[in-house]
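**Q** My questions will all concern the structure given below.
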């Protein structure tokens, strides 16, 4: 799987996540920031912090860190599959 395919799959996953129940299309800017972070973050805790920071900055609503960890593991699974690490 190439980087473009990885990015597409990450976008689909993040759209489905919908942490604030605002609808799939409400997070385009946040999704772009998280996918950009995914390119260089390899640790689930670091990615979860990035996700929380991005979404909380935009919406000024707190997200439980555990929810960010859940999505970070799924995103990193996509990344590792794309990079043939698994």
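What follows draws every value from the coordinates through simple rules; no lab data is involved. Just so it is clear, the structure is predicted and the values come from calculations on it, not from any experiment. All Cβ positions, glycine included, derive from the backbone under ideal geometry; neighbour counts span all protein chains shown.
**Q** Looking only at the range 11-47, which residues have a backbone nitrogen under 12 Å from a spot 7 Å from the Cα of residue 60 in the C-beta direction?
**A** From the range 11-47, the list is empty.
**Q** Based on C-alpha coordinates, I'd like the Rg and Dmax of the chain, in Å.
**A** 12.0, 37
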